[in-house]
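Bear in mind that the values in this text are calculations on the coordinates, not laboratory data. Just so you know, these numbers come straight off a predicted model, no measurement behind them. Don't worry about glycine lacking a Cβ; one is built from the backbone with ideal geometry, like all the others, and counts go over all protein chains shown.
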Amino acid sequence: MVQQEEIYDLIGVGVGPFNLSLAALLDEIDEVNTLFFEQKEQFDWHPGMLIEGTKLQVPFLADLVTMADPTNKHSFLNYISKNDRMYQFYFLQRLDIPRREYNDYCQWVSKQLSSCQFGHRVSNIRHVKEEETYFEVTVENVKTNETNVYKTKHMVMGTGSVPVMPKSFQNLSDEDVFHTADYVPKQDRCRNAKSVTVVGSGQSAAEAFRELLKEQRECGFRLDWITRSASFESMEESKLSLEHFSPDYVKYFYQLPQKDKDEIFANQGLYYKGISNHTIEDIYNLLYEYSVGNDQLNVGLQVLSEVRGIEPKSDGTGYVLDCFHWQKKESYQHESEVVITATGYKPYVPEFIHYLSEFLEWDEEGRYKVEADYRLKKTENVENEIYVHSGISHTHGVGSTNLGLAVHRNKVIINHLLGREVYKLPEKSIFQSFDIE
């Protein structure tokens, strides 16, 4: 174990889009000494869902830096220019960009940032009180197992989310039963199956189903899509509804009582969980075209049905899903060789954060408390701060995971970190008012 003596201004845990944005913005500020650690070998944003033809759900202006500084060298337009694709992008005439291109852009930025250290896993954090207080961060090199201990005045958590699988779906063959997060590497398994079923709703489910539908007739498998929702619901994408993903709404939501925030957030699913209109249109157009000439579709779309359990078939040829139609209150069974779950994600809170459990404040639900400016609330009056990107929906609302708010959040963090207005924050950025003016 090697003890590093230098005290950094900020160490980041995780390098996803939010922390990568922060690293890119801080790269332009010489007075701050930073490091960001990521256990993956390179930047990879939901690689299992980087399906060709899928689009980023926010405009390219929501890149890593532009909403703070359009002249920043780490902008998406500079990436396009440096890769000699400016005219191709110009003739594309789109605000949205391919999801694969967004991932490639982020990789391009990450390779330019010496502060981003990939293949390094943070395994422990502790708060040290000596002549100077600081955080001590233990970091393991994934390849060599070498351990280094770093000192930092402040930290920022950007550990993202992890797929959620229902308990009954766990401990089964991950070749046959898997989350949409693993869809791309499992495409060949689907192509060679006799039947494939997608369970769940939302954008990931729809994108996996659409790709399977494109190949279903050629590959010959039976394809089903089961959701407990009353319909395959489209995302609320009207322009005024999109203003929920604004600094103004975050500010309004934050000041509400926690009980009210939990109730409001629970009813805002269609702002971020629904299916994009263009994806639903693609699916319907395929179904319509496949039905021309009275062709029999070997496809099923089942709503109002909750999958309560799954068991392997006795002959080893697939699985039996225990389903319940919750309006008719009737149970039934569904068989499938391959089952893909689109059952969402949950914030990843690393185990080591609990080593600081007495240093931080927690609510009645066991969630950490967060200040308006994205600092974790502390039980001690010390100058060392932990800023946070992950697991803040309960405090900051529906836009907490939205890429369009990443740069604004980092502007707030940078202004607080440096104790001055590095970036101007807008007084009002939308047309409607959520609060009483």
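Brief remarks follow.
- The alpha carbon radius of gyration of segment 149-203, expressed as a multiple of 2.2 N^0.38 Å, is 1.71.
- Across the chain, the volume of the C-alpha convex hull divided among the residues equals 187 Å³ per residue.
- Counting only the Cα atoms, segment 225-281 fills a convex hull of 94 Å³ per residue.
- Leading residue at positive end of dipole, segment 96-150 (Cβ point charges), from Y105, N124, Y150: Y105
- Virtual paramagnetic centre 7 Å along Cα→Cβ of R121, amide N under 14 Å, in segment 127-161: 138-148
- Rounded to whole Å, sorted largest first: equivalent-ellipsoid semi-axes of segment 280-437, Cα gyration tensor: 47, 25, 15
- Most mobile listed residue (S173, S75, S21) in the chain, GNM with C-alpha springs under 10 Å: S173
- Rg(Cα)/(2.2 N^0.38 Å) for segment 247-342, N = residue count: 1.60
- Phi to ³J(HN,Hα) by Karplus 6.51 cos²θ - 1.76 cosθ + 1.60 over segment 340-345, Hz, x for Gly, Pro: 10, 9, 10, 9, x, 9
- Converting phi to 3J(HN,Hα) with the Karplus coefficients 6.51, -1.76 and 1.60 and the offset θ = phi - 60°, segment 398-414 yields 5, x, 4, 9, 7, 5, x, 9, 4, 5, 4, 4, 6, 4, 4, 5, 5 Hz in sequence order, with x at every glycine or proline.
- Listed pairs K214/K346; K214/K261; K186/K378; K82/K369 exceeding 32 Å between Cα atoms: K214/K261; K186/K378; K82/K369
- Fully extended contour minus Cα-Cα distance, from N415 to E52, at 0.36 nm per residue: 126.9 nm
- Sparse-neighbour loop sites [chymotrypsin sites (Phe, Trp or Tyr not before Pro); segment 350-435; at most 12 other C-beta within 10 Å; DSSP]: F431
- Cα extents of segment 50-153 along the three principal axes, largest first (Å): 59, 30, 24
- With Cα atoms as the point set, the radius of gyration and Dmax of segment 66-123 evaluate to 13.6, 47 Å.
- Whole-number D in µm²/s for segment 101-246 (Stokes-Einstein; Kirkwood sum over Cα pairs; 20 °C, 1.002 mPa s): 107
- Listed values for segment 378-394 are Karplus-derived 3J(HN,Hα) couplings in whole Hz (6.51 cos²θ - 1.76 cosθ + 1.60, θ = phi - 60°), namely 10, 8, 10, 8, 10, 7, 6, 10, 10, 7, 9, 10, 9, x, 10, 4, 6, and x replaces Gly and Pro.
- If you wrap the tightest convex hull around every Cα atom of segment 110-187 and split its volume per residue, you get 173 Å³.
- Once the chain from S81 to E311 is taken as fully extended at 0.36 nm per residue, the excess over their C-alpha distance is 77.5 nm.
- Residues K378, K313 in ascending order of nearby Cβ atoms (within 10 Å, fewest first): K313, K378.
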